[in-house]
Amino acid sequence: MSENAIILVNHQVLRWARESIVLSRAFVSDKTGISAKRLIQLEEGDKQPTLEELKEFSKIYKRTMATLLLNAPPKEKPLPLDRRTVNSNELGNFHEKTIMAIRKARALVVSLIELKQDAGIQINKFQYKASINDDPRSIANRYRNQWGIMEVRQIENLNLALEGYIDKVESLGVAVFQLTMTQDNLRGFALVDESIPIIGIKRGGEPTTAKIFTLFHELGHILLNDGGLCDLSENSSQQIEKWCNAFASEMLIPSTELLEMGNVVDQKSKGQMNWAKKDLIEIGNYFHVGPLAVLRSLLENGLTTASYYKDRHLAWNKPQFGRAKKPEGRNIAKETIKEKGRSYISLAFSAFDQNRIDLKDLSDFLGVKLSYISKTRQLLNS
């Protein structure tokens, strides 16, 4: 078929495909070389696209050709609420990689349910809830022991601790995925409109302590039955964000323990409200959190000032984006396990080993080429 062949499509599908990834007509026109006038004609149904134009749309909208040829726009669940800093000029403007991460999370939870049902594993229903009017610290204290969160405290290695916390959260009936969100000032999101609630954590460029805090911040959203995309900024005046921050802080740093620590008792006896970063790091290492999380908890307990916290927040709260300082090259197996989690990956290999799925199905579930399957299994078992 000639690239200039006219393809009959529903113009509403073309408009939906562009709007679903939050792209302006001007942006699409610039990236594809299709004039703005022509784009309007195609989206209004005055003209029909050529095969070449349809291929360009498929690439930029991240949709298959088959999707663009649907008879009508499919019904998709909306993006989570934007919880970034209030008054930010970025509000509501998401990079395509963020939107793709949300799409991937929704697709992964469908696959997870399929794997569990195929294995005859009962799917836990998330049964916990809280109100914005509840004291978040009381809620954290109520559930901490019930969920066995303190058991993970014994793990010194931060990466293993993160896996332990994820296992605890997933045991409650939540799916957790670590996904690429490299371009937006976002650290995580929660989705509460799926059969299983979803927590998405930014995979790269963040300290492990930040990922741990994000995990429990987003769990706070799920407790409130509220989904959102978060940067955890203290500049946000949204009550929900403050509630989730306070919940995560108390969950990971119980005030009763914090106030009994030797350096905290010493600092309090001196009436000292400014804290050395090395002391905050030392405390944070014990609780698996970063220095800012410790300082936030100290502020809530009246052991530092709001102005000092704000000053340190501005200095230290700088999300890292892009490549690592010492890039080691891509490790597809490692990325796959981090993204989907050990529970999901183990279910996929179990289904394959028991001949419930074939090698091609396993590749699809894992999202890797056949050549990476053995490396993924080796790393999973290491």
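For residue 304, all conditions in the list (1) free of Cβ contacts under 8 Å to residues at least 60 places away in the same chain; (2) outside any loop (DSSP other than H, G, I, E, B) hold save one; what is the number of the exception? So residue 304 meets the others, but not (2).
Restricting 211, 242 to residues that are basic (Lys, Arg) and open to solvent by 40 Å² or more (accessible area, probe 1.4 Å) narrows the list to 242. Cβ-Cβ distances below 6 Å connect the following pairs, each with a first residue in region 139-155 that is touching a residue at least 24 places away in the same chain (Cβ under 8 Å), a second residue that is open to solvent by less than 100 Å² (accessible area, probe 1.4 Å) and not in a helix (DSSP H, G or I), and a separation of six or more residues or different chains: 139/130. When the test is whether a residue is surrounded by fewer than 22 Cβ atoms within 10 Å (Cβ to Cβ) and under 30 Å from residue 96 (Cα atoms), residue 204 passes it.
Remark: pairs (first residue in region 259-288, in contact (Cβ under 8 Å) with a residue 12 or more places away in the chain; second residue surrounded by fewer than 12 Cβ atoms within 10 Å (Cβ to Cβ) and of a type outside the set (Asp, Glu); Cβ separation under 8 Å; 6+ apart in sequence or on different chains) = 259/265.
Any residue at all in region 131-143 that is of a type in the set (Val, Ile, Thr), assigned to a helix (DSSP H, G or I), modelled with pLDDT of 90 or more and exposed (fewer than 15 other Cβ atoms within 10 Å of the Cβ)? The answer is no; no qualifying residue exists. Picking from residues in region 1-37 that are without any contact (Cβ under 8 Å) to a residue 12 or more places away in the chain and farther than 19 Å from residue 72 by Cα, the one that is farthest from the chain's Cα centre (by Cα) is 37. Residue under question is residue 269, and the condition is that it be closer than 29 Å to residue 81 by Cβ and part of a helix (DSSP H, G or I); does it hold? So residue 269 does not fit the description; no. Within region 1-24, if we keep just the residues that are assigned to a helix (DSSP H, G or I) and surrounded by fewer than 16 Cβ atoms within 10 Å (Cβ to Cβ), the residue that is modelled with the lowest pLDDT turns out to be 19. Note on region 183-193: residues that are open to solvent by less than 40 Å² (accessible area, probe 1.4 Å) and either among the hydrophobic types (A, V, I, L, M, F, W, C) or modelled with pLDDT of 90 or more (or both) amount to 5.
Without any contact (Cβ under 8 Å) to a residue 12 or more places away in the chain, open to solvent by 30 Å² or more (accessible area, probe 1.4 Å), closer than 21 Å to residue 98 by Cα and not polar (S, T, N, Q), is that true of residue 66? So residue 66 fails the test.
Return yes when residue 180 is under 20 Å from residue 380 (Cα atoms) and either under 14 Å from the mean Cα position of the chain (by Cα) or modelled with pLDDT under 95 (or both) and no when it is not. Don't jump to the end; show me each part of the working.
Working: under 20 Å from residue 380 (Cα atoms): no; either under 14 Å from the mean Cα position of the chain (by Cα) or modelled with pLDDT under 95 (or both): yes.
Criteria not met by residue 180.
In region 340-353, the residues that are more than 17 Å from residue 200 (Cβ to Cβ) and in contact (Cβ under 8 Å) with a residue 60 or more places away in the chain reach residues that are open to solvent by less than 20 Å² (accessible area, probe 1.4 Å) and in a helix (DSSP H, G or I) with C-beta atoms within less than 8 angstrom, at least six apart or across chains, in these pairs: 347/112; 347/115; 348/115; 348/362; 348/366; 351/115; 351/362. So, in region 171-181, how many residues would count as being open to solvent by less than 40 Å² (accessible area, probe 1.4 Å) and touching a residue at least 60 places away in the same chain (Cβ under 8 Å)? Of the residues in that region, 6 qualify.
The values are calculated or read from the model by the stated rules, or taken from the named source; none is laboratory data. Note that the coordinates shown come from a computational prediction; the quantities given were computed from them, not determined experimentally. Cβ: placed from backbone, ideal geometry, glycine included. Neighbour counts: every protein chain shown. Each accessible area value is taken on the protein alone, full model and side chains, heavy atoms only, with ligands, DNA and RNA left out. Shrake-Rupley method; radii C 1.70, N 1.55, O 1.52, S 1.80 Å.
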